[in-house]
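Each remark here refers to the structure printed beneath this line.
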Amino acid sequence: MSDLSRRAHSFWAACVALALVAWPLSGCIGSSRGSPGSYDEVRLLMDTVVEINACAPEGMGRDELRKAVEDAFEAMARVDRLMNARAEGSDIWRVNRAAGSGSWISVDEWTFRVIKRALFFARLSSGAFDPTILPLMELWGFGTKPHVPRQEEIGKAKRLVDWTAVDLDESNFSVRLNRPGMGLDLGAIAKGFAVDRAFEALKRSGVTRAIVNAGGNVYALGKRPDGGKWKVGVRDPDEPGTYVTVMRLEEQTAVTSGDYERYFEDGGKRYHHIIDPASGYPADSDIRSVTVILPRTREAQSDIGLVPNASMDADALSTMLFILGKEKALKFADENGIGLIIVDARRGISASKWAPEIFPSEHVSTGDGKQR
């Protein structure tokens, strides 16, 4: 197979595999798919596969449960319509188009909230997480035709990546980018915000037991009907459909970022999509995957303020901690009350002291990777 063929095959295969980054291994126990007690639906949203499995509380009919799931999907679709940088007319598309013009662009309150939180994580990480990464992402061709850019092209694009050049007007929910050619890309945080909004919609509809999986962003609502916690597997970086470990979640979100999610090969070298703003290249990390689990335990202390948008924060943190590397990531998680599971380059597993209890993957029959 040629390098070009490998690039195309690897990239699109990785996109399909997104849904298996961290997968719920247990659904509504005692309710088969299609039974009155559960409703399960899968859709393609935000460039990934999204599955919602909801369990009906006592007194809720199947039609009402279906409507609750549909409302959750619609909330996620709204996020996509507002924040997709490549969708003409979206909030982010309009902000990017006006970059350097001096014009303030009015955006939806949801969009403003996500941009503001993205800038918070940029400040927290001294720019390791940077929502103005779009020029570099487009240069590398992730989402279109991936390729290795020339060094001079990377240097030019790097000069356009600067979170400090984003202005916010909170009184009018308006945004301004100060340099021509700049661009926001909320891909490392908006999906988590969408999962939070789905979670919120389900609770508002009266659903008390459900699990949402958006390509590795998993949110567990309540407990399973049998009283147990939801089982979620962390994917083996080299073996799709298998898991290196399993954790049990309740009212928590788990978000995984890995170097196997989107990648391509060129000249025998592998390039993944998690770009380090400092170098302009894929992060040279000693990590294969990072899984962040929130909310923190009651015993943990943190001044970051990680709720009520736990999946959004976990989404941003998973990218940020991947770029920082194993040692710094674990130190940060321990100091800030963050649940963290790292799979390193040798497929070893490390966890922060606030991580949930994890179990060997052989304790769960993963089968075809679907819910159990």
For the range 47-67, give me the residue count where each residue is outside any loop (DSSP other than H, G, I, E, B) and surrounded by fewer than 22 Cβ atoms within 10 Å (Cβ to Cβ). 8
Tell me, please, whether a residue that is surrounded by fewer than 18 Cβ atoms within 10 Å (Cβ to Cβ), among the hydroxyl-bearing types (Ser, Thr, Tyr) and closer than 30 Å to Arg62 by Cβ can be found in the range 208-219. yes
Just name the residue that is surrounded by the fewest Cβ atoms within 10 Å (Cβ to Cβ) out of those in the range 93-111 that are in a helix (DSSP H, G or I) and out of contact with any strand residue (DSSP E or B) (no Cβ under 9 Å at 6 or more places or on another chain). Glu109
Any hit, the range 141-153, residues being closer than 25 Å to Gly192 by Cβ, in contact with a strand residue (DSSP E or B) (Cβ under 6 Å, 6 or more places away or on another chain) and in contact (Cβ under 8 Å) with a residue 40 or more places away in the chain: yes
I need the strands (runs of 3 or more DSSP E) fully contained in the range 170-269, keeping only those with at least 2 residues that are among the aromatic types (Phe, Trp, Tyr). 263-266
For residues that are at pLDDT 95 or above and aromatic (Phe, Trp, Tyr), tally how many sit in the range 270-327. 2
Just to be sure, is Ala87 part of a loop (DSSP other than H, G, I, E, B) and in contact with a Phe, Trp or Tyr (Cβ under 8 Å, 6 or more places away or on another chain)? yes
Which residues, counting only those in the range 112-135, are crowded, with 24+ Cβ neighbours inside 10 Å and of a type in the set (Gly, Ala, Ser)? Ala118
Name the residue, out of Val161, Val69, that is among the hydrophobic types (A, V, I, L, M, F, W, C) and within 30 Å of Glu41 (Cα to Cα). Val69
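The values are calculated or read from the model by the stated rules, or taken from the named source; none is laboratory data. Here the structure is a predicted model, which means the values were calculated and not measured. All Cβ positions, glycine included, derive from the backbone under ideal geometry; neighbour counts span all protein chains shown.
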